[in-house]
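Notes follow the structure.
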Amino acid sequence: MAARLAQRPGPRASLVIRDVRVLDPVAGIDEVRDLVVRDGVVGGSPDGLDEIDGSGLVAVPGFVDPHVHLRVPGREDLETVATGSLAGAAGGFVAIVAMPNTKPVVDNAAIIESLLEQAATDAVIPTGFYAAITRGQKGAELTEHAELAQLGAVGFSDDGFPVSDASVMRRALQYQRMVGLPLVLHEEDARLSAGGVAHEGPVASRLGLAGIPAVSEAVAVARDAALAAFEDGRIHICHVSAAATVDEVRAAKARGVSITAEVSPHHLALTDEAVASLDPSRHKMNPPLRAESDRQALIAALIDGTIDCVATDHAPHAADEKEVPFEEAPFGVIGLETAFAACHTHLVRTGLMPLELLVRRMGADAARVVDLPQPSLADGSPADIALIDLDAPVVVGGDGHRSKSSNSAFAGDELFGRIRLTIAAGQIAWRDT
Amino acid sequence: MRSKTVVDADQVRRTIARIAHEIVERHADPSTLALVGIHTRGVPLAKRLADLIEEFAGERPALGTVDIALYRDDVGLNARGALPVVGDTDLEFDIGGRAVVLVDDVLFTGRTIRAAIDAVFDYGRPRMVQLAVLVDRGHRELPIRPDYVGKNLPTARTERVRVRLAEIDGADEVILDPVPEEA
Amino acid sequence: MARRRSLISVTDLSRDDIERVLALGDRFAEVMDRDLKKVPTLRGRTVINLFVEASTRTATSFELAGKRLSADVVNVKGSGSSMDKGETLKDTVITLSSYLPDVIVIRHASAGACRLAQRHSDAAIVNAGDGKGEHPTQTLLDLYTIRREVGPLDGLHIAFVGDVAHSRVARSGAVGFALMGAKVSFIGPPTLIPRDAGRAFGVDVSHDVRDIADADIVYVLRMQLERMGPGGFVPSLREYAATFGINHARLREGQRVMHAGPVNRGVEISGELADDPLALIERQAANGMVVRMAVLYDLLAAPAGAVELGQALGAVA
């Protein structure tokens, strides 16, 4: 099998971070000491190495994002492998996996090979790619899963669309028994959501916006969990947004279904009240921002593990496309660069969640759901490190975005938690100037 | 310097009566006359004049009101930034062919009167337009002159002349407020 | 040019603001009673009517309102303009704003269009209807009509009947009528009243047309033909007319009827009722123009930049 994540070549890092809080919840490390990286590997003697003053900072295993949109091929004006991976590095990410809903869709060998080649020259951090579940993501015919797996697809997703036909979903699950890769699912009932632009609730009612009901997501998850149980399959649920969905995932896990789930920073931080701004660049996405009760359920689920990890659903859009009336704008917000700061500000600093747990949910747990290597600070591990100044304020967009696009849900907000340094697979990928 | 009353209640009443007499002198048939009070204090003044003319001459002139807000030359330019209130304009009678006497409390730059003339002309074509004011404080910026004046009151430009009338303010008097102190 | 106040949502207005505009409406009604139905007040000011979503009645109402105030009025329609060639709303607003208009009146098919325009223009923006969002001048003319024909709003009960979900008239009206002291309810089929509407607007919701009995005013909402039939929100036109159509038989003595127009005779309202002089429908249409004159005057009578966006000053002390 071909390598599943690709990164451009570069010098292996050698440095020592002095007096830093080394925090790796999985390896059971939480102490203030020096952290050494020699030739891209954690550990060893600090002699003769470049020094970085780590006092007041915390070093954690780098984050992993199993859900980003890099917009290539087709919309290089919005993002490229280079700029998207840089945005990831600036956000403390050491690995990202990109969705295939591009132009053309990543549904055949030639495209995925070409993308992995691009990543091998341009990606600042290890970058992987999903292939589509169905040809063109049309939900009718399966793509060549076995071949695509051979060529290095991390898994399969029709993200952007649900697989509406249950028989097609079932066939994908059956095929999965042979191929063995995750099926990463965008869950909604297309007919229930049709025409909707915001969460179906009092805010949309007041503003006269057509609604996307929470039940659309829950109903789709219920179906796919039942199918996965029936076919002994393994599914990962994208961008959970509603309490009702959390209930379905929890029930499925309790029944023993092999199901994992992710939640985005914007769903953890914001609710449909934000939509009153009628600013689609910041607040229009699918699934939409929902009620406070949904947000609380998502936070609780992330804490108790019903939701396994954080994933940004980083979705670049051009300013022109978003500067239209709310109803007409495309869905999506970027999020790689701000993910940690947003979660840290809204969950950790508010006392809702301990830092160690957030670090797990953004790192090891996110890697686990798509079988990627889990970043670790234990000696001998490849260096996958994010060095963070927890108390440093950041005004989102204040000094631009590393992404090519600027449609951030947190635009203009002050968040806390600056990534000072990111080392990904042993290379320095990001240094805060 | 403090505010001072320059015309007291008694003098106000006598002055208004004198104006009414003068109007009767120059208009033999008050039924062809129309008194039009300019909002705000011109309105009760016009009514008092109409009552007195009826008393003196046995005939009542037509009575109307006009608010010049919609005819001002400074719509949207008022530096104070407050929103003007527009009073009602009520000219039930036919303007055409009548002698119209505009009635106002204070004549100052003449811009209000210019606007009032434009308003009245949008209702019809009067035979003539005259002007009656309780106080003429000078500082004209337009070639407007009153036909009937209660009191000539020379003032400094930044002084303020305040007319109070029983119908609106509870008492009749004319007060002169001094030049505002430097802030 | 400094930024002006705008009227985008009824929530932009306080009760005092509404009182002031209604009083101004009376002044302009006086002008309409004259032979010379024109005042020079807004001479030299420019009003651009940008009607991306077509509308003859509202467009004409705004056009005449501007002209009778002596403003220069330009009408720009969505179709037949460069917007057909793909020019975005944002670019259209920027281009029109370069001509330095004092007011841009906008009607658009999408909620939020006016807020977008406001971000790209210093002109006063007047919302003439944005998708299902709001229609503040309709609410003002409705309030004006109710005041003149029925009485003060305090304590009145006004029931909107019909397709609330798609009605900007109901959205603005629910807020505006309540602000002036009235009680508002929504009556209609469950498929056409959003589930959260009661909570979102603080109104009673009913699916039984007989509940109009308690209302002083029955405000009938237009039932768009596309919303009925296969795949639609109600099974058929006939069933809708039977369950929610308002006619003389359903009303009691003394109840008044309103409708923002245009009317679908025999669907949401019977033809006889639409023609009944006691219905306020024709008064609403007539009052639209004087209320829009009041709105234009009110927005432009204050100097640009003197007022904070979204705030209004009270009357002169």
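What follows draws every value from the coordinates through simple rules; no lab data is involved. The structure presented is a predicted model; accordingly, all values stated were derived computationally and were not measured. Here Cβ is always computed from backbone atoms with ideal geometry, including for glycine, and neighbour counts include all displayed protein chains.
Would you mind classifying the stretch C:104-221 by shape? Square roots of the alpha carbon gyration tensor eigenvalues, ordered a ≥ b ≥ c; an a/c under 1.5 is rounded, otherwise it is prolate if a/b is larger than b/c and oblate if not.
Here the stretch C:104-221 falls in the oblate category.
How big is the Kirkwood radius of the stretch B:1-158, worked out from every pair of different alpha carbons and given in Å to one decimal?
After inverting the mean inverse Cα-Cα distance, the result is 16.2 Å.
Between A:E356 and A:D232, 0.36 nm times their residue separation minus their Cα-Cα distance comes to what?
41.4 nm
With all pairs of different alpha carbon atoms counted, what Kirkwood hydrodynamic radius in Å does the stretch C:151-279 show?
Over the stretch C:151-279, the inverse of the mean reciprocal pair distance is 14.6 Å.
Using alpha carbons only, how many angstrom separate the centre of the stretch A:261-290 from the centre of the stretch A:126-159?
Their Cα centres are 28 Å away from one another.
Would you calculate the separation in nanometres between label points at C:R265 and B:D169, each defined as 7 Å from the Cα along the Cα-to-beta-carbon direction?
6.1 nm
Under the Kirkwood approximation for Rh and a Cα-based Rg, what ratio Rg/Rh is obtained for the stretch A:63-374?
So for the stretch A:63-374, dividing Rg by the Kirkwood Rh gives 0.93.
Tell me, what is the FRET efficiency for C:D16 and C:D122 to the nearest 0.05, using R0 = 35 angstrom and their Cβ-Cβ distance as r?
Calculated transfer efficiency: 0.90.
Please compute, for the alpha-carbon atoms of chain C, the extent along each of the three principal axes and give them in descending order in Å.
Result for chain C: principal-axis Cα extents of 54, 47, 38 Å.
As a test of the formula, what do you get for chain B when each DSSP H run with n ≥ 4 contributes -39,500 (n - 2.57) and the sum is divided by the residue count, at 222 nm and rounded to the nearest 500 deg cm²/dmol?
Calculated at 222 nm, the ellipticity per residue is -8500 deg cm²/dmol.
Which three extents, in whole angstrom, do the alpha-carbon atoms of the stretch C:54-117 cover along their principal axes, largest first?
33, 25, 23
Can you give the FRET efficiency for C:D33 and C:V74, using 1/(1 + (r/R0)^6), R0 = 30 Å, r = Cβ-Cβ distance, to the nearest 0.05?
0.60
Testing the spin-label approximation: label points 7 Å from Cα along Cα→Cβ at A:V395 and A:A190. State their distance in nm.
Simple spin-label model gives 4.4 nm for this pair.
If you restrict to DSSP beta bridges whose two residues both lie in the protein assembly as shown, what percentage is antiparallel, to the nearest 5?
Antiparallel bridges: around 30 percent, rounded to the nearest 5.
Compute the Cα gyration tensor for the stretch A:267-336, then decide on rounded, prolate or oblate, letting a ≥ b ≥ c be the square roots of its eigenvalues: rounded whenever a/c is under 1.5, prolate when a/b is larger than b/c in the other cases, and oblate in all that remain.
Because a/c hits 1.5 or more and a/b fails to exceed b/c, the stretch A:267-336 counts as oblate.
Residue by residue through C:4-11, how many Cβ atoms from other chains fall within 10 Å of the Cβ on average?
Per residue, the average neighbour count from other chains is 1.
Which percentage, to the nearest 5, of the DSSP beta bridges contained in chain A is antiparallel?
That works out to approximately 50 percent antiparallel.
Please turn the phi angles of the stretch B:168-175 into ³J(HN,Hα) values with the Karplus equation 6.51 cos²θ - 1.76 cosθ + 1.60 (θ = phi - 60°), one per residue in order, whole Hz, x for glycine and proline.
10, 10, x, 8, 9, 5, 10, 10
Can you tell me the 0 to 90 degree angle between the C-alpha axis of helix B:9-26 and the longest principal axis of chain B, rounded to 10?
That works out to roughly 40 degrees.
Please compare each pair in A:K284/C:K132; B:K151/C:K38; B:K47/C:K67; A:K284/C:K90 to a cut-off of 29 Å on the Cα-Cα distance and tell me which ones are over it.
Pairs exceeding the cut-off: B:K151/C:K38; B:K47/C:K67.
Please identify which residues in the stretch A:407-433 have an amide N closer than 15 Å to a label point set 7 Å out from the Cα of A:R349, following the Cα→Cβ vector.
A:410-419
I need the calculated FRET efficiency for the pair A:D371 and C:T191, taking r as the beta carbon distance and R₀ as 30 Å, to the nearest 0.05.
0.10
What's the Cα-based Rg to Rh of the protein assembly as shown, Rh via Kirkwood?
That ratio is 1.11, to two decimals.
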